[in-house]
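Novice: Handing you a structure now.
No lab work stands behind these numbers, since they all come straight from the coordinates. All figures in this text were calculated on a predicted structure; none of them were measured in a lab. Glycine also receives a Cβ, built like all others from the backbone with ideal geometry; neighbour counts cover every protein chain displayed.
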Amino acid sequence: MYLLFLLLIAPSQLLAQQVTVKGRVLEKETGEPLPGVSIVVESTPRGVSTDIDGSFEIRVAPSDKLVFSFLGMETQIIAVGDKTTMVVEMEPMRSELDEVTIVAFGKQKKESVIGAITTVSPSDLKVPSSNLTTALAGNVAGIIAYQRSGEPGQDNADFFVRGITTFGANTNPLILIDNMELTSTDLARLQPDDIESFSIMKDATATALYGARGANGVILVTTKRGQEGPAKVFARLETAVSAPTQTIKLADPVTYMKSYNEAISTRDPLGDLMYSNDKIEQTGKPNANRLIYPANDWYGMLFKDYSNSNRANVSIRGGGKVATYYVAGAFTHDTGILNVDKRNSFNNNIDSKNYTLRANIDINTSKLTKLSVRLTGNFDDYTGPLSGGSDVYKLVMHSDPVLFPAYYPEDSEHVGIKHIMFGNYDDGSYINPYAQMVRGYRDYDRSQMIAALELNQKLDFITPGLNFMSQFNLTRYSDFSIYRSFQPYWYALGSYDSYTGEYHITRLNENGTDYLTYGEGQKNVISTMYSENRLNWMREFGRNTVSGLLVFTVREQLEANAGSLQLSLPSRNAGLAGRFTYGWDGKYFSEFNFGYNGSERFSKSHRWGFFPSFGLAWVVSKEEFFKPLQNTFSNLKLRYSYGLVGNDNIGSKYNRFYYLSEMNMTDGNRASYFGENRGISYSGISVIRYANDAITWEKSLKRNYAAEIGLFGKVDIIAEYFTEDRSDIFMNRADITNTMGLQSTISANIGKASARGVDIQADYKQVWNKDFWSSARANFTYATSKYKVYEEPEYKEPWRLHRGYSIKQTWGYIAERLFIDDEEAANSPSQAAFGSQYGGGDIKYTDVNGDGVITEADRVPIGNPTTPEIIYGFGFSTGYKGLDASVFFQGLANESFWIDAADMSPFVGNTQLLKDIHDSHWSEDNRDIYAFWPRYSAYRNNNNTPVSTWWMRDGSFLRLKQVELGYTIPEKLTEKMHVANLRLYLSGTNLFCWSSFKMWDPEMGSSALNYPVQRTVNVGVNLTFK
């Protein structure tokens, strides 16, 4: 009876214990209510949803827990307890990459990372270019980058992690794409839409596991992989128009002729002038016969105002519990600005096509085993002028504009000829840039196939947290080029009757062809095998977090056309690397890494190198004493690392085995002759390289000091100071004299260098409400280096020594001004050592050592390094509803470059006259001793061409790197097309540049005559299909 009573009253007692909980659910960043949030009592089917204003009401017991979930938001579980009202703030769901950082051979929680690693958002690398490397400058803290050319297919940027810290052969960072060692060209061809993460590893803790390969820093890229869920199709289509950011201005033909005559008469008043007054007068007439009086605008004839590019990228991503997949294909098509006419049956304007295919598939063969397959193919098809687009620019700059037309039309005396009658002069040895451009074309094909198989096995049945990974990769690379061309027939004006207008042209050569001939360029075939086996363990014991890693790698590469016996042998290296980490309470972290690497380049006594590193980190903001400051400083983390990294990529690749000698067994220069008439000969033997057992690793000792600061939960700043000491740098011995009788140069690990610098990055994000957001970012990198030990003669003049100066320092003469007249030149320290006559209007140099003669001993360090020491960038983005806009600026500083006066000297070798030279040069009528150009000369005047402060220019600039405007069409308008996202955008790159240097784009530096850097305007569309 008592039991029955309990059964009857228990439900009513339980109901009496329940309470009504009311509340609202808001989006944390905006404070806006979230309708439709699911609120369920944990472990029961009971639940409610929030209404239009985010409100909810539910009856629960105090012991219950409520589960709040909403699509795209982090799920929250809240215990009821004595609460009767709740205000729940939900945050956007973070991907795994938001919580972890990609590190060497794995991942770590962001808070536990000790190494100097810069992570770049793939969206920041999406520029309207077919070359990813052009997006690095100013976008990545710790990267020094610049672009010298804009030619399609040849426009890779030069980039270095924390600058150049060695004067050895290899200064380039290690580039890893999905853990596979690849080249800067492979990075350039990578599609930003395929990138999951992009990291720059800068200090010893971050790179030590790569041992011999990580001394110059590491760029680590991982591509996207599949995700569980329905298939999502993404497409990007772009079309762009490009034009040079700046073009060099040339003087008009009449000015050229008058100035050429001046160049002759100012040096030799009795010299024969190049052009008669009649020719100058007739050429200047607008209606002159241009076959008789040519006035060629070679630049306008050979180049268009703009070129076109098109890009397309399509990918599909999805999967289920068993398998996930990411499959992508991309196509880019870039054309050049060469203006090829229709006279030939072929078009040799630059036409560069690139195709990329990628498939990343992950298969869960069991709950503990995952099998991954990655297949990548990248293919380049290039057609262009025989010697490249930059050479066409150089041909234009070294072509006389008035001696002959580009070609002569067919006349009555040459009816039926099948070839173009190209113009030339005298014996036909002059450069006709039009003929050289259209006489043929080059085909270049590049193919790379990568296949990787990866096995991931969880070993929790042995001990929790233990994992094993094994990867095997094969890469096949090949490229070849083919040349097809004809030999031009040259024609010149034979006679001309100015009264009747009748003229006759004559052929200058008989070795021309009216058909194409064929030639083969270099062929490269390279096979690479890479295997990696990794054992990883991670456990948490209360407040303690411990992890360990061991990695064994083997790499073998074989070149089919290596060129010598030693180089034809397979190239191999192996390494064992490890990492141990310990963390306590999420506040204190330590890490020890090592790389133990073997290199075939060194003798047994030096073959293996051990490269350790360690680091410490302290999350100060998690300390109790810091809590009063947390409203202002949302995060404060201090880091320090110290370690040693090695480099075996020293010297020339042709000197592969330093511990072995290499001989030339058929040296014709050392032949012996026999017989009565010395008609019998036998080749001699000579030494190419002496064996040297002492050659060893180049070593780099790195230190890094860093602070991570969060302000108000909206601003994140990472500031790092680094130092580096390089030792055992490989260099040729300067103290071994020729009297020792050695046939080959002796080298040794004797060089030393040091580097230091700062890199800072800052990010700001603000969501004002559900419709309006904004963000900003900035980064700054300063990296400087200097020689510490550099073997060279002990000069009497201390300024000639390298020690203490930048690795990229330039030595040259101090130019005071131009000589006023010949008398001043005759009474100044002698400059006859240059080998040219000099006088008034020529450059006057400082006699630094005071010996009365200008010689090599007067060359001093001048200017800043030729590689920039400072790279910076800053920009902002904002959006309102479907509209978005972004602006990014990029700058460069602490760099000098030198105008190549020898290559730019007007009239020498028929070089064109730049307008800047004509507008500011010393002349008899205008003896401006500070004019830009010295006195004209029709021959190369070696007094005026050496590297000196006269030709030194500041390479600093600030550029409006990118502007983008976009609009995302509301989903309610696109859902009928099964389109989840449709965004249209307009973007521009390299739009404006501010610099004190005005003659050409300052980023090109001394490469003035190269294919110019391009300004691009781009229209694109992004689509994501449901």
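Novice: Set Lys and Arg Cβ to +1 and Asp and Glu Cβ to -1, take the dipole of segment 576-710 about its Cα centre, and tell me which of Y654, Y588, F625 lies farthest positive.
Specialist: The listed residue farthest towards the positive side: F625.
Novice: Residues of segment 29-52 with the amide nitrogen closer than 12 Å to a label point 7 Å from the Cα of K765, along Cα-to-Cβ, please.
Specialist: 29
Novice: Once each part is reduced to its C-alpha centroid, what is the distance from segment 592-640 to segment 155-188 in angstrom?
Specialist: 23 Å
Novice: Quick one: order V860, V87 by neighbouring beta-carbon count within 10 Å, fewest to most. Walk me through the numbers before you get to the answer.
Specialist: On the way: V860 17, V87 9.
Ordered from fewest to most neighbouring Cβ atoms within 10 Å, V860, V87 come out as V87, V860.
Novice: Along the principal axes of its C-alpha atoms, what lengths does segment 19-90 span, in descending order and rounded to whole Å?
Specialist: The Cα atoms of segment 19-90 stretch 31, 20, 17 Å along the principal axes, largest first.
Novice: Now a separate question. Pull out a ≥ b ≥ c, the square roots of the eigenvalues of the alpha-carbon gyration tensor of segment 96-227, then state rounded if a/c is under 1.5, prolate if not and a/b is larger than b/c, and oblate in the remaining case. Don't jump to the answer; show the numbers that get you there.
Specialist: Working: a/c = 1.78, a/b = 1.15, b/c = 1.54.
Oblate shape, in that a/c is at least 1.5 and b/c is the bigger or equal ratio.
Novice: Restricting attention to segment 747-829, which trypsin sites (Lys or Arg not before Pro) occupy a DSSP loop and are surrounded by at most 11 other Cβ atoms within 10 Å?
Specialist: Working: sites: K752, R756, K765, K770, R777, K786, K788, K796, R800, R803, K808, R817; in loops: K770, K796, R803, K808.
Passing both the DSSP loop test and the Cβ count: K796.
Novice: Hey, another quick one. Give the aspartates and glutamates whose C-alpha is closer than 14 Å to that of K367, dropping any in the same chain fewer than 8 places away, or say none.
Specialist: D460
Novice: Also, quick follow-up: Grab the beta carbon distance between Y518 and I316, set R0 = 35 Å, and tell me the FRET efficiency rounded to 0.05.
Specialist: Numbers: r = 43 Å, r/R0 = 1.22.
It comes to 0.25.
Novice: By per-residue mean of other Cβ atoms within 10 Å, what is the highest-first order of 626-633, 316-323, 588-595, 495-502? Please report the intermediate quantities before stating the final value.
Specialist: On the way: 626-633: 11.8, 316-323: 15.0, 588-595: 21.8, 495-502: 9.2.
Going from most to least packed, we get 588-595, 316-323, 626-633, 495-502.
Novice: Dipole of segment 19-90, Cα-centred, from +1 at each Lys and Arg C-beta and -1 at each Asp and Glu C-beta, to the nearest 20 debye?
Specialist: Working: 7 positive and 11 negative charges, 62 e Å.
The dipole magnitude comes to about 300 debye.
Novice: Could you pull out the trypsin sites (Lys or Arg not before Pro) across segment 821-901 that fall in loop regions by DSSP (anything but H, G, I, E, B) with no more than 11 other Cβ atoms inside 10 Å? Please report the intermediate quantities before stating the final value.
Specialist: Values: sites: K844, R859, K881; in loops: R859, K881.
Of the trypsin sites (Lys or Arg not before Pro), the ones in loops of segment 821-901 whose Cβ has at most 11 other Cβ atoms within 10 Å are K881.
Novice: Would you mind checking the pairs K353/K523; K394/K788; K796/K844; K321/K881; K107/K699; K714/K998 and listing those with alpha carbons more than 31 angstrom apart? Intermediate results must be reported in sequence, preceding the final value.
Specialist: Numbers: K353/K523 19 Å; K394/K788 39 Å; K796/K844 23 Å; K321/K881 36 Å; K107/K699 27 Å; K714/K998 40 Å.
Pairs exceeding 31 Å: K394/K788; K321/K881; K714/K998.
Novice: If I stretch the segment between K714 and A826 completely, what's the gain in nm (0.36 nm per residue apart, minus their alpha carbon distance), one decimal? Let's see the in-between values first.
Specialist: Values: separation 112, 0.36 × 112 = 40.32 nm, distance 6.90 nm.
Result for the pair: 33.4 nm of gain on full extension.
Novice: What pairs from K224/K770; K224/K653; K249/K304 go past 23 Å between their alpha carbons?
Specialist: On the way: K224/K770 29 Å; K224/K653 34 Å; K249/K304 15 Å.
Over 23 Å apart, Cα to Cα: K224/K770; K224/K653.
Novice: Go ahead and collect, in residue order, the members of segment 800-819 whose backbone nitrogen is under 17 Å from a label point 7 Å along the Cα-Cβ direction of N942.
Specialist: 813
Novice: With only Lys, Arg, Asp and Glu charged, each at its Cβ (+1 for the first two, -1 for the last two), find how big the charge dipole of segment 535-632 is about the Cα centre; round to the nearest 20 debye. All intermediate terms of the calculation are to be shown ahead of the outcome.
Specialist: Values: 11 positive and 8 negative charges, 31 e Å.
About 140 debye.
Novice: If we count other beta carbons within 10 Å of each Cβ, what is the order of W584, W537, fewest first? Let's see the in-between values first.
Specialist: Details: W584 13, W537 18.
Final ranking by Cβ density, sparse to dense: W584, W537.
Novice: Another question, if that's okay. Can you pull out the trypsin sites (Lys or Arg not before Pro) in segment 973-1010 that DSSP calls coil and that have at most 14 other Cβ atoms within 10 Å? List each step's numbers first, then the result.
Specialist: Details: sites: K976, R983, K998; in loops: K998.
Those that pass, being in a loop and sparsely packed, are K998.
Novice: For each of E708, E662, count neighbouring Cβ atoms within 10 Å of the residue's Cβ, then give the residues from fewest to most. Don't jump to the answer; show the numbers that get you there.
Specialist: Numbers: E708 21, E662 18.
Least to most surrounded, the residues fall as E662, E708.
Novice: For the charge dipole of the chain, defined by +1 on Lys and Arg C-beta atoms and -1 on Asp and Glu C-beta atoms about the Cα centroid, which residue among G841, L883, S754 has the Cα displaced farthest towards the positive pole?
Specialist: So the residue we want is L883.
Novice: Right, something else. If I take every Cα pair under 8 Å that is 6 or more residues apart in the chain, average their sequence separation and divide by the length, what percent do I get for the relative contact order? Mind dumping the intermediate values first?
Specialist: Values: 2659 pairs, mean separation 115.5, N = 1026.
Here the relative contact order equals 11 percent.
Novice: Continuing with this model, one more query. How would you order 1011-1017, 833-839 from highest to lowest mean count of nearby Cβ atoms within 10 Å?
Specialist: In descending order of packing, they fall as 1011-1017, 833-839.
Novice: Let me ask another. Say R0 is 51 Å: what FRET efficiency, to the nearest 0.05, do A323 and K796 get from their beta-carbon distance? Kindly include the intermediate steps, with their values, before the conclusion.
Specialist: On the way: r = 74 Å, r/R0 = 1.45.
So the FRET efficiency works out to roughly 0.10.
Novice: Say a paramagnetic label sat at a point 7 Å from the Cα of V19, along Cα to Cβ; which residues of segment 28-48 have their backbone N under 11 Å from it?
Specialist: Counting only backbone N, you get no residues.
Novice: Rounded, prolate or oblate: which fits segment 861-912, taking a ≥ b ≥ c as square roots of the Cα gyration tensor eigenvalues, rounded meaning a/c under 1.5, else prolate when a/b beats b/c? Walk me through the intermediate numbers first.
Specialist: Numbers: a/c = 9.56, a/b = 2.17, b/c = 4.41.
Oblate, since a/c reaches 1.5 and b/c is not below a/b.
Novice: Further, regarding this structure: Given a Förster distance of 60 angstrom, what is the FRET efficiency for K1026 paired with A902, based on the Cβ-Cβ distance and rounded to 0.05?
Specialist: Working: r = 63 Å, r/R0 = 1.05.
Using R0 = 60 Å, I get an efficiency of 0.45.
Novice: Among 711-718, 413-420, 917-924, how do they line up from the highest to the lowest mean number of other beta-carbon atoms within 10 Å?
Specialist: Details: 711-718: 15.8, 413-420: 11.6, 917-924: 17.6.
Per-residue Cβ counts within 10 Å, averaged per peptide and sorted highest first, yield 917-924, 711-718, 413-420.
Novice: Return the percentage of antiparallel bridges among DSSP beta bridges fully within the chain, rounded to the nearest 5 %.
Specialist: Working: 351 of 367 bridges.
Here the antiparallel bridges make up roughly 95 percent for the chain.
Novice: Okay, helix-only estimate at 222 nm for the chain: each DSSP H run of n ≥ 4 adds -39500 (n - 2.57), divide by all residues, round to 500 deg cm²/dmol; what do you get?
Specialist: On the way: 14 runs with 94 residues, N = 1026.
About -2000 deg cm²/dmol.
Novice: Okay, moving on. What is the gain in length, in nm to one decimal, between T463 and A734 on full extension, counting 0.36 nm per residue of separation less the C-alpha to C-alpha distance?
Specialist: On the way: separation 271, 0.36 × 271 = 97.56 nm, distance 5.87 nm.
Here the answer is 91.7 nm.
Novice: Here are some values of semi-axes √(5λ) of the Cα gyration tensor in Å: (i) 71, 32, 26; (ii) 55, 36, 30; (iii) 62, 36, 30. Which one was computed from this structure?
Specialist: The value computed from this structure is option (iii).
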